[in-house]
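Worksheet: the structure to be examined is printed underneath.
Computed from the coordinates by the stated procedures, all read-outs in this text should not be read as laboratory data. No experiment lies behind these values; they were computed from the predicted model shown. All Cβ positions, glycine included, derive from the backbone under ideal geometry; neighbour counts span all protein chains shown.
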Amino acid sequence: MTGPRHQHLSDLARLRRVRDRIDREYHKPLDVEALARGVHMSAGHLSRQFRLAYGESPYSYLMTRRIERAMALLRLGEMSVTEVCFAVGSSSLGTFSTRFTELVGVPPSVYRQQNAPTDGIPSCVAKAVTRPIRNREATGSGDR
């Protein structure tokens, strides 16, 4: 198989590898350039194709994974917000708190205080119910 269809399928396979790497290594220092090098794409091409395939940039996807994991750690209540920040791969508490607040709607410290434990709920249900939703997605304003 050759031509545009083959290239498209090849790009999709590489994008899945990038997404899988982010899912596995969210806690490590990752940037778009390193992710792109890993699949032999330019950073710009990776960003454009990733957004087309998954609806968000690789950086945004990475931050969503980190915030999801942070939410789980905060629900456990065994770590401070600062410890959670560094455990999920963020290098700046300020950036982490700002992004967390953007995605979840409350700062991490408030989330931790207000959060009801998910004990007894199957993990697949807890993950679906507690997945961060961007404020613009929740209000529908991103559709205009």
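A simple rule links phi to the HN-Hα coupling: the Karplus curve 6.51 cos²θ - 1.76 cosθ + 1.60 with θ = phi - 60°, which for region 57-69 gives 6, x, 5, 5, 4, 4, 5, 5, 4, 5, 5, 4, 5 Hz, with x for Gly and Pro.
Here region 1-93 is treated as a sphere whose radius is the Kirkwood value from Cα pairs; by Stokes-Einstein at 25 °C and 0.890 mPa s it diffuses with a coefficient of 173 µm²/s.
Quick one: if the Förster radius is 25 Å, what FRET efficiency do SER57 and VAL106 give, using the C-beta to C-beta distance and rounding to 0.05? Plugging the Cβ-Cβ distance into 1/(1 + (r/R0)^6) gives 0.55. Length available on full extension from GLN113 to PHE86: 0.36 nm per residue minus the Cα-Cα distance, which gives 7.8 nm. Around the Cα centre of region 1-76, unit charges on the Cβ atoms of Lys, Arg, Asp and Glu (plus for the first two, minus for the last two) sum to a dipole of about 140 debye.
For region 4-58, the orientation-averaged shadow of the C-alpha convex hull comes to 3.5 nm² (one quarter of the hull surface). Counted by Cβ distance under 15 Å from GLU83, the other residues give a net charge of +3, where Lys and Arg count +1 and Asp and Glu count -1.
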